[in-house]
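This report concerns only the one structure given below.
The values are calculated or read from the model by the stated rules, or taken from the named source; none is laboratory data. What you see is a predicted model; the values in this text were computed from it and never measured. Cβ atoms come from the backbone with ideal geometry, glycine included; neighbour counts cover every protein chain shown. Ligands, DNA and RNA are excluded from the accessible area calculation, which covers all protein heavy atoms including side chains. Shrake-Rupley method; radii C 1.70, N 1.55, O 1.52, S 1.80 Å.
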Amino acid sequence: MKRSELFTKTTKTVPADEAALNAKLLIRAGYVHKEMAGVYAYLPLGLRVLEKIKSIVREEMNAIGGQELLMTNLQPKAVWETTRRWDDDIVDIWFKTKMQNGEELGLAWSHEEPIMNMLRDYVHSYKDLPVAVYQFQTKLRNELRAKSGIMRGREFLMKDMYSVHATKEDLDRFYNETIEAYKRIYDRLGIGNLTYVTFASGGAFTKFSHEFQTICEAGEDWLYLDRERNVAVNEEVLDEATEELGLDKSKLEKLRSAEVGNIFNFGTDKAEQMGITFTDQDNTQKPFYYGSYGIGVTRVMGVIAELFSDDRGLVWPDNIAPYRVYLVNIGDNPEVLSRTQEVYEALQANDIDVLWDDRSVRPGEKFADGDLMGIPHRVVVSEKTMANDNLLEYKGRTDEQAVNVSLEDLVKKLTD
RNA sequence: CGGGGUGUGGCGCAGUUGGUAGCGCGCCGCGUUUGGGACGCGGAGGUCGUCCGUUCAAGUCGGAUCACCCCGACCA
């Protein structure tokens, strides 16, 4: 992609209506556009980041047997009445609307009930089990107050997976496999070393659920961490969990964290409430065991933006940067331009995402833009570099000093 | 939903005791520039969130309303 063709612009001025660092940077760099409080549009750069995060999540979900699908945003009232969760006193974040004939509809804040209801049509026997399905879906939640930029919106993108099983043991097995898959996801997203599996409040069926909490000053949760045993507990279940797990409360470290994932073991509750059963081997009707597993995709993006930024702007991990290389030509000397073109094509030929800042603006502006956008690798072509054995100037986003490399070595470095 | 704050060109802001709107950035044109967000000259762009009221006169005063932000409560 050439920078001159990218319609979004960067800006030096900080938006006045944002306090959250992630929103300030993402808006300034042209990743997101604020539609209204808690509602953000994803522009080409932002969408590329989201898609890269999704690819990682998708690979890991597929690896444990998840089948991707796409549920709907419009949801029938009846499905939610079976678990009493249509009631605004029980779920207070509903967006609801009506059809022309007056029939009430819900706008998806979760898909737990609709997924179960859908599975009812296809899963009838123990032979069909287990099943795990997942989607990337927009969730709409009528939060009293939106805050923290894209970390907590009224509209956000979530990966939600659901699994149904014939036995408790099988659900437990899958639940644990999912925990491992989630760890791999956070590792690949570059936040693995800051992310902890955390005990949090459960539901009716289990005492605790598990959250994945990333240590982050901008988070809204408090995490109590036992570094020695590598166990973390959410503040909301601190007393119960420390007792249950035999932790020494005085040794726990209290840290700000952001919830980047949450998984629930529902047992058979949901299936019982909804009256959904399968025929087991012994020809009796039994309710499914049901688990649900969420990752807030847009929230993760916000957390990463917060965690890795510096005073010059965003700093994306290589894996999810919208482009990996920010290519800069200095000056419009035809030889420099044709050399830059050559580098541009070589990178593309090796499947390295490159954004070429081909504008005829001063070098400082290009450097500042590349830094603000958080592109991990910067490559410069100029008369100076060409005079220097035709080497390229390379600088990592967080490097102090640039170094000279050949095109071959650059490609090698970026494809290893 | 309780408390606090803010709405003025695209963005960030100023605007005195009420007298008919200005600055920086950005944008357009011309020229000079080109290794960390250049400079000169010339331009375009605003019924001051909205409505009602007070007044000869409202960005400015009063009321209502909407939106946005922060703190709290709540939440993936």
Quiz item: Can you name every residue in segment A:39-93 that is among the β-branched types (V, I, T) and either in contact (Cβ under 8 Å) with a residue 24 or more places away in the chain or under 20 Å from A:Y293 (Cα atoms) (or both)?
Solution: A:V39, A:V49, A:I53, A:I56, A:V57, A:I64, A:T72, A:V79, A:T82, A:T83, A:V91, A:I93
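Yes/no per residue for (1) within 21 Å of A:S55 (Cβ to Cβ); (2) part of a strand (DSSP E or B); (3) more than 14 Å from RNA strand B (Cβ to nearest atom):
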residue: A:D187; (1), (2), (3): yes, no, yes
residue: A:G190; (1), (2), (3): yes, no, yes
residue: A:N193; (1), (2), (3): no, no, yes
residue: A:Y196; (1), (2), (3): no, yes, yes
residue: A:A200; (1), (2), (3): no, yes, no
residue: A:E211; (1), (2), (3): no, yes, no
residue: A:G219; (1), (2), (3): no, no, no
residue: A:W222; (1), (2), (3): no, yes, no
residue: A:L225; (1), (2), (3): no, yes, yes
Practice problem: Please identify the pairs in which a residue from segment A:125-139 that is of a type in the set (A, V, I, L, M) has its Cβ atom under 6 Å from the Cβ atom of a residue that is away from RNA strand B (no atom under 15 Å from the Cβ) and not in a strand (DSSP E or B), counting only partners at least 6 apart or on another chain. | Solution: A:L129/A:A166; A:V131/A:V123; A:A132/A:G65; A:A132/A:G66; A:V133/A:L69
Practice problem: Go through the residues of segment A:283-302 one by one and say whether even a single one is free of Cβ contacts under 8 Å to residues at least 40 places away in the same chain, open to solvent by 50 Å² or more (accessible area, probe 1.4 Å), more than 30 Å from A:S148 (Cβ to Cβ) and assigned to a strand (DSSP E or B). | Solution: yes
Exercise. Six or more apart or on different chains, Cβ under 6 Å: which pairs go from a residue in segment A:1-23 that's surrounded by 12 or more Cβ atoms within 10 Å (Cβ to Cβ) to one that's in a loop (DSSP other than H, G, I, E, B) and of a type in the set (A, V, I, L, M, F, W, C)? Could you list them?
Key: A:T8/A:L43; A:T10/A:A29
Quiz item: Somewhere in segment A:235-247, is a residue free of Cβ contacts under 8 Å to residues at least 12 places away in the same chain and on the phi > 0 side of the Ramachandran plot?
Solution: yes
Quiz item: How many of the residues making up segment A:258-282 are open to solvent by 10 Å² or more (accessible area, probe 1.4 Å), touching a residue at least 60 places away in the same chain (Cβ under 8 Å) and more than 16 Å from RNA strand B (Cβ to nearest atom)?
Solution: 7
Quiz item: Taking into account only those residues within segment A:210-234 that are touching a helix residue (DSSP H, G or I) at 6+ places or on another chain (Cβ under 9 Å) and of a type in the set (G, A, S), which is most open to solvent (accessible area, probe 1.4 Å)?
Solution: A:A218
